[in-house]
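The values are calculated or read from the model by the stated rules, or taken from the named source; none is laboratory data. These figures come from a predicted structure and were not determined experimentally. Just the protein is used for accessible areas: all its heavy atoms, side chains included, with ligands, DNA and RNA removed. Shrake-Rupley method; radii C 1.70, N 1.55, O 1.52, S 1.80 Å.
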Amino acid sequence: MNLLVIGSGGREHALCWALSASPLVTKLVCAPGNPGIAQVARLAPVNPVDLDAVLKLCRDEHIDFVVIGPEAPLVAGLVDHLEAHGFACFGPSKAAAQLEGSKGFMKDLCAKYGIPTAAYGRFREAAAAEAFIRRQGAPIVVKADGLAAGKGVTVATTLDEALAANTALFAEPGAEVVIEEFLDGEEVSFFALVDGRHALALASAQDHKRVGDGDTGPNTGGMGAYSPAPVLTPALQQEVMDRIILPTVNGMIAEGTPFKGVLFAGLMLTKDGPKLLEYNTRFGDPECQTLMLRLKSDLLPALMASRDGVLKDFDLRWRDEAALCVVMAAEGYPGEPRKDTLIEGLDAAAAETDTVVFHAGTKAGPDGAILANGGRVLGVCGLGKTIGVAQARAYAAVDKIRWPHGFCRRDIGWRAIAREKN
Ligand code: AMP
Ligand code: GLY
């Protein structure tokens, strides 16, 4: 089969790495990709949100199946566009991608179908939102409605902070704002494949959103992850499937917008049980890197079964080992990252036992050099019997990389490792 993967991050490198091992694949193209992906796929310089350009690429390359990594092309309707022209895609329609694209849509769905989530109000006027914030008091959470790459959310500990965030969001014309009850607990990610009617549990993972050690500093797209997350016990995982994932799948059918693709639930484990913080309608980055390292089965048939509506009774096999991914970011991230700095030692890092280095924001320089070209630049992953061993392997590989203008957190996995020691 001829396969096209859309995207250019560490997630897409991990997807291409897994898909390139499938005996079903004869040609693998990635648009636009990165130099790491170029080791396993042919790159095509096409912009993922230019729907007609992607369609032309599918025609030129005789593509049989398209796997879409990031949210922007999904929310822009890439699946609808390609499917309408006869190209099979893994991922949700534009209407179903609203689960991620609109927090208001997601919250209304939860309210209608009794899915546990934070209490909320949805506002189009600053004054009404302000009155609601004053009535509820702090702590309280203020969110922009649309996609904001993790930057549209303020978890306010004081009333003043909440009001300031509200004012800032309503400074944008046409703003829509969601105000939420603050949920206390540990955060965990859960992934399931969905085919419209059935859901197949994949795995749990835990991300590290803050830029600094000890979960300090500003939010990022994710500084590291591990899978599985032992805090999500098998009993809790079943509860998440029964009370959150399946009611969502059924609710989306009832709304006339059945969901296909991967459902990524951001959960808060509160004292009243798991509650949904947010949905993403794609794999997490860097969670995907850890999932792909652990997956033993061929990924492609599972993605095709999701698209074809035949996931019922589908079985995937996973390694018993844990995987852990350390993100190396460019100086300045999550602000303005420094670009074009030289990265060396990647081969030595990849040669370490049970490690894989995924590229994200890299570009090819002269004479085969690899240069930084974004905020999150590398995902250095280790596999091990415990999360502690996976962590040691990942950092051993990190220490082989010579990149004076890059940095990483040194404590990825700390919650789970503290538990392992007890
Ligand atoms: P979101 O993009 O909606 O997932 O929000 C980004 C981050 O803000 C989450 O990963 C949580 O750490 C935090 N957050 C969001 N909503 C809440 C909430 N209702 N209570 C506590 N923390 C929240
Ligand atoms: N790592 C979080 C995300 O992909 O949204």
Residue separation between Trp318 and Asp215 times 0.36 nm, minus their alpha-carbon distance, gives in nm 34.2 nm
Descending accessible area (1.4 Å probe), largest on the left, turns Trp17, Trp403, Trp318 into Trp17, Trp318, Trp403
Taking a probe of 1.4 Å and leaving out DNA, RNA and ligands, the chain shows per residue an accessible area in Å² of 40 Å²
Across Leu19, Leu236, Leu303, the residue with the highest GNM fluctuation in the chain (Cα network, 10 Å cutoff) is Leu236
With all protein chains present, segment 103-204 has a carbon and sulfur share of its accessible area (1.4 Å probe) in percent of 52 percent
Share of accessible surface on carbon and sulfur in segment 25-87, whole %, 1.4 Å probe and ligands ignored, is 54 percent
So the carbon and sulfur contribution to the accessible area of segment 310-422, 1.4 Å probe, in percent, is 48 percent
Taking every DSSP bridge whose two residues both lie in the chain, the antiparallel percent to the nearest 5 is 80 percent
When every protein chain stays in place and a 1.4 Å probe is rolled, His13, His198 sorted by accessible area with the largest first are His198, His13
Residue span Lys296 to Leu159: 0.36 nm per residue of separation minus Cα-Cα distance leaves a gain in nm of 44.4 nm
